[in-house]
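> Below are the structure tokens for one structure; questions will follow.
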Amino acid sequence: MKDRLKKVVSLSPLKISLVLIVAAVVLYVLDPPFFRFMELKTLDLRILSRGERAPGGETVIAVVDEKSVKELGRWPWPRTTIADLVDVLKSYGAKAVGFDIVFAEPDQYSSLADIQELAREFEKAGIGNPKLTRILREKAARADTDAALAQSISKAGNVTLGYFFHMAKKEAAHLTEREIETGWELVAPFKYQMVQVQGNPDEAVLIHAYAAEPNVRVISEAADSAGYFNVLPDSDGSIRWAPLAIKFRDDFYPSLDLALVNQYLDYPMTALYVAEFGVAGVQVGDIPISTDESGRILVNYLGRAKTFPHYSIADILKGRLAPELFKDKIVLVGATAVGIYDLRVTPFSVAFPGVEVHANVIDNILHQDFIQRPGWAGLFDIAAILTLGLVIGVGVPRLRAVAGVFLTLFLLATYITLNGYIFSRLNFWLNLVYPVGTILIVYLAITVYKYVTEEREKKKIRGAFQYYLTPSVINELLKDPSKLKLGGDKKNLTVLFSDIRGFTTISELLPPEELVQLLNEYLTAMTNIVFKYDGLLDKYMGDAIMAVYGAPIEQPDHAERACRTALEMLEALGVLHKKWTEEGKPALHIGVGINSGDMVVGNMGSQMRFDYTVMGDNVNLGSRLEGINKEYGTSIVISEFTHREVKEKLVCRELDSVRVKGKKLPVKIYELLGDGADAERWAPLVRSFESALEKYRAGLWDEAIEGFRKVLEVRPGDGPSELYIQRCADLKANPPEGVWDGVFTMTKK
């Protein structure tokens, strides 16, 4: 139970990925402000990357620019100048004229009060000249600039006034209660014509106003249409949303943009739909407008400043422009001159004309060119988070580092490109931050996890093998730890056993300190040779050495490496003999056994302690071959399986066919003599020995004895030949029973 619980809570790349994916989905549902803000920034980038688009052509802008200020005087101008503008635009055939300006105070240029005072003075003085009275009346009519503008607006019948709302009480602190009431009275006629409410709307999501700042009464009452021009910037100051409905007291009011569209379309029915969750949408004639629950739409900006035509008011009033430029158009009137510039932050610029924001909204409505969040967008976003996160979570752990990076970059590029394509072609706004963030965070988490675990694994491998493998082999393992399969794995390997002959007798002759020094010197020299051929030093067994070739790093020539290790061991031992003789120390003689074949390799032991080693019958055979050297008086004995791998490169002679203790089938054994380059040197010995061995196997004892004696002439003191002479004599005196197969059965290990 404990092990099962440990397995469940243990970390893995897939578990980490699933946790992060679930966290991403939860955050997506909760929609915290920071990530919402980041998504809006990516929306800005998508609008920018899409590039500029041409407007529909219905809207132009009459601007109070530097040229107009220079020619017509300092802003604000007399209302008579604005009245002239209204008259000219009407004569040019403008369909609708909208003011991104509010005339909230009486005109400072009006002299009506002075003329009225002068008339009272004439009356007191008894001056009652009819001509003078007529002149005063005419002057009074011209002096009332607010009335003059109101008269032009009323006469034109195509003007939509702009006003604004104070959204909080502190913004309207300068207003008296009477002024607040008056403001409400003046904007009340311009509320939504029809509001359809279902249930009890969530007031918290609706946009509320505290007070209105309307145009002066005479101007307000002259217009047939008006709308607020409030914009509500996001936390970074950028204008992305256009509110189409603001609730003031108990009524809803349309924006300047919506009122202008309504006027341009000849006043069709404009309806606002409100549900329990908030605003459900707006309908202007045949144009449906989807909004968010607050009654806002995203401004689908068409381009930078002056994407819509800008015309200087000075040029309009002085007749420098063709009337056709304004015929049947919506004309927005706003300011762009330095000092009165209505600057706004938008995706295209940090200094965007506020009046042109309204032009973009009007164009969006007329052409139904809205940035939309379709009903399936939420499901798509969650599906993207799950799919992309799982692909990274499953794919990256199975790939190498570079391939994992390419997979991650491919998914990022693919999703961003697809998302951008859907946005630019269909105006569908699909979430970018959460899917992309999921890809990056899952990849980063898996990479960190792999780094930590691989470093831990490398440390474990280095600690486990630093005393058993050469540093070059350890480095190869660290590059690809998968080459080291923990547990057990069946592989074709070569095992080498070496042992000192008569070590017990030698240990009795030397003091312990000298014995340890002698053994350490011997083992150091032998170990260095094992490491030279990238062997695995499996273990020391007293004075014996066990080495493995072909694991944990793959070595196709593992048999040759083991054999060359054995040959160099003998050479190194010869050098040590000379040194020890000079020091008065005894000489050491060793026997080496080598076998190749399938063995089980891996970490063997308990969960508390284990060693990397090899096991199996072929390992046991290698150990038996080391002991056989005592029988034949040889130094290196290899099996037929090893001989098969090295016979083309090394010189060997067949010794015998033996049945070792613990095995039923006989195995041919060979003595390893030297490098293949020295084949001619060993040829007489090998030929004469093999000839005598054939006679022995044929049961020709006398001829075999004669043959082995000839071998002794070639190599005096040859251990195997002396053994066979004695064995033939014994067989001659005591002939074997049954059929002679030439196999010798070992009775000792």
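The values are calculated or read from the model by the stated rules, or taken from the named source; none is laboratory data. Predicted model only: the values in this text are computed from it and were never measured. With ideal geometry, Cβ positions are generated from the backbone for all residues, glycine too; neighbour counts draw on all protein chains shown. Ligands, DNA and RNA are stripped out before the accessible areas are found, and what is left, the full protein with its side chains, is counted by its heavy atoms. Shrake-Rupley method; radii C 1.70, N 1.55, O 1.52, S 1.80 Å.
> How many residues, within region 528-557, are assigned to a helix (DSSP H, G or I) and either charged (D, E, K, R) or open to solvent by less than 20 Å² (accessible area, probe 1.4 Å) (or both)? It would help to see each step written out before you state the result.
First pass over region 528-557, keeping only residues assigned to a helix (DSSP H, G or I): 528-532.
Then drop every residue that is not either charged (D, E, K, R) or open to solvent by less than 20 Å² (accessible area, probe 1.4 Å) (or both), which leaves 529-530, 532.
Qualifying residue count for the region: 3.
> In addition: Tell me whether region 343-365 contains one or more residues that are farther than 23 Å from Arg36 by Cα and without any contact (Cβ under 8 Å) to a residue 40 or more places away in the chain.
Taking every residue of region 343-365 in turn, at least one turns out to be farther than 23 Å from Arg36 by Cα and without any contact (Cβ under 8 Å) to a residue 40 or more places away in the chain.
> Looking at Tyr228, Tyr192, Tyr253, Tyr210, which is the one that is open to solvent by 10 Å² or more (accessible area, probe 1.4 Å), touching a helix residue (DSSP H, G or I) at 6+ places or on another chain (Cβ under 7 Å) and of a type in the set (Phe, Trp, Tyr)?
Answer to the check: Tyr210.
> Out of the residues in region 275-299 that are out of contact with any strand residue (DSSP E or B) (no Cβ under 9 Å at 6 or more places or on another chain) and outside any strand (DSSP E or B), which is most open to solvent (accessible area, probe 1.4 Å)?
Ranking the qualifying residues of region 275-299, first place goes to Asp286.
> Being outside any helix (DSSP H, G or I), touching a Gly at 6+ places or on another chain (Cβ under 7 Å) and either in contact (Cβ under 8 Å) with a residue 40 or more places away in the chain or farther than 27 Å from Gly227 by Cα (or both): is that true of Gly98 here? Steps first, answer last, please.
Working: outside any helix (DSSP H, G or I): yes; touching a Gly at 6+ places or on another chain (Cβ under 7 Å): yes; either in contact (Cβ under 8 Å) with a residue 40 or more places away in the chain or farther than 27 Å from Gly227 by Cα (or both): yes.
It is true that Gly98 is outside any helix (DSSP H, G or I), touching a Gly at 6+ places or on another chain (Cβ under 7 Å) and either in contact (Cβ under 8 Å) with a residue 40 or more places away in the chain or farther than 27 Å from Gly227 by Cα (or both).
> Of the residues in region 708-725, how many are farther than 26 Å from Glu645 by Cβ and in a helix (DSSP H, G or I)?
Qualifying residue count for the region: 12.
> So, one more: Considering only region 347-384, how many residues are open to solvent by 10 Å² or more (accessible area, probe 1.4 Å), within 20 Å of Ser235 (Cβ to Cβ) and either touching a helix residue (DSSP H, G or I) at 6+ places or on another chain (Cβ under 8 Å) or among the β-branched types (Val, Ile, Thr) (or both)?
4
> Here's a follow-up. Given the structure, is Glu71 of a type in the set (D, E, K, R), closer than 30 Å to Asn158 by Cβ and either open to solvent by 70 Å² or more (accessible area, probe 1.4 Å) or under 21 Å from the mean Cα position of the chain (by Cα) (or both)?
no
> Which residues, taken from region 211-261, are without any contact (Cβ under 8 Å) to a residue 60 or more places away in the chain and assigned to a helix (DSSP H, G or I)?
Residues of region 211-261 without any contact (Cβ under 8 Å) to a residue 60 or more places away in the chain: 211-212, 217, 220, 241, 243-245, 247, 250.
Arg217, Ser220 - these are the residues of region 211-261 that are without any contact (Cβ under 8 Å) to a residue 60 or more places away in the chain and assigned to a helix (DSSP H, G or I).
> Also: Which one of the conditions (1) open to solvent by less than 10 Å² (accessible area, probe 1.4 Å); (2) touching a residue at least 60 places away in the same chain (Cβ under 8 Å); (3) small (Gly, Ala, Ser) does Gly183 fail to meet, given that it meets all the rest?
Every listed condition holds for Gly183 apart from (2).
> While we're here: Only one of Ala337, Ala351, Ala384, Ala359 is assigned to a loop (DSSP other than H, G, I, E, B) and either aliphatic (A, V, I, L, M) or closer than 24 Å to Gly51 by Cα (or both); which? Break it down stepwise before answering.
Values: Ala351 fails: assigned to a loop (DSSP other than H, G, I, E, B); Ala384 fails: assigned to a loop (DSSP other than H, G, I, E, B); Ala359 fails: assigned to a loop (DSSP other than H, G, I, E, B).
Sole residue among the options that is assigned to a loop (DSSP other than H, G, I, E, B) and either aliphatic (A, V, I, L, M) or closer than 24 Å to Gly51 by Cα (or both): Ala337.
> Collect the residues in region 305-334 that are outside any loop (DSSP other than H, G, I, E, B) and of a type in the set (S, T, N, Q), keeping them in residue-number order. So that I can check it myself, show each step before the final result.
Applying the first criterion (outside any loop (DSSP other than H, G, I, E, B)) to region 305-334 yields 310-317, 323-325, 330-334.
Residue satisfying the conditions is Ser312 alone.
> Another question, if that's okay. Among the residues of region 483-527, how many are part of a helix (DSSP H, G or I) and of a type in the set (Phe, Trp, Tyr)? Lay out the reasoning, then the answer.
Taking region 483-527 as the starting set, the residues that turn out to be part of a helix (DSSP H, G or I) are 483, 503-509, 512-527.
From what's left, of a type in the set (Phe, Trp, Tyr): 503, 522.
The qualifying residues number 2.
> When you look at Glu513, is it modelled with pLDDT under 85, charged (D, E, K, R) and more than 27 Å from Lys649 (Cβ to Cβ), yes or no?
The answer is no for Glu513.
> Next question. Report, by residue number, each residue of region 54-95 that is hydrophobic (A, V, I, L, M, F, W, C) and assigned to a loop (DSSP other than H, G, I, E, B).
Answer for region 54-95, where residues must be hydrophobic (A, V, I, L, M, F, W, C) and assigned to a loop (DSSP other than H, G, I, E, B): Ala54, Trp75, Trp77, Ala94.
> With under 47 Å from the mean Cα position of the chain (by Cα) and part of a strand (DSSP E or B) as the only criterion, which of Leu272, Leu302 stands out?
Leu272
> Going through region 320-338 one residue at a time, which ones are in contact with a Ser or Thr (Cβ under 9 Å, 6 or more places away or on another chain) and of a type in the set (D, E, K, R)?
Scanning region 320-338 gives Arg320, Lys329.
> Same structure again: Determine, yes or no, whether Gly303 is within 22 Å of Pro233 (Cα to Cα) and in contact (Cβ under 8 Å) with a residue 60 or more places away in the chain.
On the way: within 22 Å of Pro233 (Cα to Cα): yes; in contact (Cβ under 8 Å) with a residue 60 or more places away in the chain: yes.
Answer is yes for this residue.
One line per residue, one yes/no per condition, for (1) farther than 30 Å from Val102 by Cβ; (2) under 20 Å from the mean Cα position of the chain (by Cα); (3) modelled with pLDDT of 95 or more; (4) open to solvent by 70 Å² or more (accessible area, probe 1.4 Å):
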{"site": "Met1", "(1), (2), (3), (4)": "yes, no, no, yes"}
{"site": "Leu5", "(1), (2), (3), (4)": "yes, no, no, yes"}
{"site": "Val9", "(1), (2), (3), (4)": "yes, no, no, yes"}
{"site": "Pro13", "(1), (2), (3), (4)": "yes, yes, no, no"}
{"site": "Pro32", "(1), (2), (3), (4)": "yes, no, no, no"}
{"site": "Thr42", "(1), (2), (3), (4)": "yes, yes, no, no"}
{"site": "Leu48", "(1), (2), (3), (4)": "yes, no, no, no"}
{"site": "Thr59", "(1), (2), (3), (4)": "no, no, yes, no"}
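> Does Arg681 satisfy the condition of being at pLDDT 90 or above, basic (Lys, Arg) and in contact with a strand residue (DSSP E or B) (Cβ under 8 Å, 6 or more places away or on another chain)?
yes
> When you look at Leu567, is it in contact with a helix residue (DSSP H, G or I) (Cβ under 7 Å, 6 or more places away or on another chain), surrounded by 14 or more Cβ atoms within 10 Å (Cβ to Cβ) and closer than 19 Å to Tyr522 by Cα, yes or no?
The answer is no for Leu567.
> Still on this structure, please answer the following. Please state which of the following conditions Leu412 fails to meet, knowing it meets all the rest: (1) part of a helix (DSSP H, G or I); (2) under 28 Å from Gln283 (Cβ atoms).
Every condition holds for Leu412 apart from (2).
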